[in-house]
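Working notes, structure below.
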Amino acid sequence: MYEEKMRFELTVNGKRQVVYAHPSKTLLEVLREELNLTGTKRGCDDSNCGVCTVLLDGKAVKSCTMLIVQAAGHKVTTIEGLETEKGLHPLQQAFIDHFAVQCGFCTPGMILTAKAILDENPDATEDEIREGLHGNLCRCTGYKSIVEAIEAVRDGDYGDYVINWQEV
Ligand code: FES
Ligand code: FES
């Protein structure tokens, strides 16, 4: 088996990163093990639970089944990239305020998926939000509080929705 590491470049949370990894490594493994961005969680490892969700060029992707080869050259946003000097992202604050976080294991992926939903459609209906979240599982909250938090951001409770809150 080919054991050599290869050089990959990608932009993570607005910073250019160079990593050396075996090409069979997933984006999730590189984020957690090479870049110490452990906010991205590992669950099923099979594209089913959504806890590993990150944004790739602004779109929600499951990093457990995306190879680093596929992510190279792209812009990746993880949960660590949402908070800025302005403070928490409105979705982060709304999840706290609406008790949409219990154990928290699903929360990073849930918030990034929510961001992708609202970035694409800032007026998303409840049905559209629920449909957009279908790939993200939560064992704790029953989803109601999660949807309410996203709707609060959509409805302007945290100010006008800003898609480019930070560089994706
Ligand atoms: S760990 Fe990636 S979808 Fe479950
Ligand atoms: S808050 Fe525990 S899995 Fe969602």
Exercise. Could you give the length gained on full extension between GLU85 and GLU9, defined as 0.36 nm per residue of separation minus the Cα-Cα distance, in nm?
Worked result: 24.8 nm
Problem set entry | Nearby lysines by direct alpha-carbon distance to LYS75 (threshold 30 angstrom, same-chain neighbours under 8 apart not counted) | LYS5, LYS15, LYS25, LYS41, LYS59, LYS62, LYS86, LYS115
Exercise. Suppose R0 equals 30 Å; then what is the FRET efficiency for VAL69 and ASP127 from their Cβ-Cβ distance, rounded to the nearest 0.05?
Worked result: 0.25
Exercise. Taking 0.36 nm per intervening residue step and subtracting the Cα-Cα distance, what contour gain separates ASP46 from ILE163 on full extension?
Worked result: 39.2 nm
Exercise. Going by how many other beta carbons lie within 10 Å of each one, how would you line up ARG139, ARG32, fewest first?
Worked result: ARG139, ARG32
Problem set entry | Shape metrics for segment 4-52, restricted to C-alpha atoms - Rg then Dmax, Å | 11.4, 31
Exercise. How long are the semi-axes of the ellipsoid equivalent to the chain, from square roots of 5 times the Cα gyration tensor eigenvalues, in whole Å, largest first?
Worked result: 28, 17, 13
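Quick note: the coordinates plus some simple rules give every number you see, no bench work behind them. Please read all numbers here as calculations on a predicted model, not as lab measurements. As a convention, Cβ positions derive from the backbone with ideal geometry for all residues, glycine included, and neighbour counts pool all protein chains shown.
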